[in-house]
Structure formats: structure tokens, C-alpha cells
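Report on one structure; see the data block that follows.
The values are calculated or read from the model by the stated rules, or taken from the named source; none is laboratory data. None of these values were measured; they are calculated from a predicted model. Ideal geometry is used to build each Cβ from the backbone, glycine not excepted, and the neighbour counts take in all protein chains shown. Heavy atoms of the whole protein, side chains included, go into the accessibility calculation; ligands, DNA and RNA do not. Shrake-Rupley method; radii C 1.70, N 1.55, O 1.52, S 1.80 Å.
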Amino acid sequence: MLSRLFAPKVKVSAHCDLPCGVYDPAQARIEAESVKAVQEKYQANEDPHFRARAVVIKEQRAELAKHHISVLWSDYFKPPHFEKYPELHQLVNDALKALSAAKASTDPATGQKALDYIAQIDKIFWETKKA
């Protein structure tokens, strides 16, 4: 009797879980753009206090970008995506490594490299959304 009382009245189904509708590589791109912008500002300013603050902000933003890419990889992308885009695992790894390099560097070229990888992930992401 209790099982009937607590049994669901309506059954629902969905083609995917929440991340399908809420994740977007734009979050990682915005953070990576901040990394590169801070690297450029760091290069243009000799003040040691400014530079110290810039390093902290750059490292925080790089870590946030890594988080967003990792969440896409673990929560959004599914086996059918990896089958269709076999380069995706390596691409995500390369993006994470590039963000780690940008986190450790004040050279804007490292920030740009991370942005380039994120752009490739973004392209694949939007192709998967069309399917």
C-alpha cells in the first residue's frame, strides 16, 4: 500500500540532463580572454604591486577557465560526441594544458594559445547542439 502511495503519478523522460541546456564554452572563453588581457596589462606596467595583483587575478581566471572546460568534458560531452569527434579528448587535454601554461606565464601568447583551443572546443560544442 505504501509503494502505491509514494509511486510517481507521472513518468517523464528527457534526451539529456540539465547540462545540455546550461553549459556553454563561452564561460571558458570569457575567463581565458581575461587571462590574456591581464597578461597584456602585466607586460605594459612596471609597478610591482600592480604586477602582483595581476598575477593573482590571472591565475584565478585561468583556474576558472579550466573548471569550465572540465565541466563540459565531464558533464556535457557524452560517448556519442567522442565517437563523432575522436579528437575531442586530446583537444580538451590540450586546452587544459594551455590554460595551465597561461596560468604560470605572463606571456600573452600562452593566453592566446588557450583561446585557440577553446575556439575549437566551441566549434564542436555547437555542432553537437545542432544534432
Taking protein heavy atoms only, a 1.4 Å probe, and rounding to whole percent, the accessible area of segment 25-130 owed to carbon and sulfur comes out at 56
Each label sits 7 Å from Cα toward the beta-carbon; between GLU83 and ILE30 the label points are separated, in nm, by 3.4
Computed over segment 25-130, the Cα gyration tensor eigenvalues, each multiplied by 5 and square-rooted, give semi-axes in Å (largest first) of 29, 11, 10
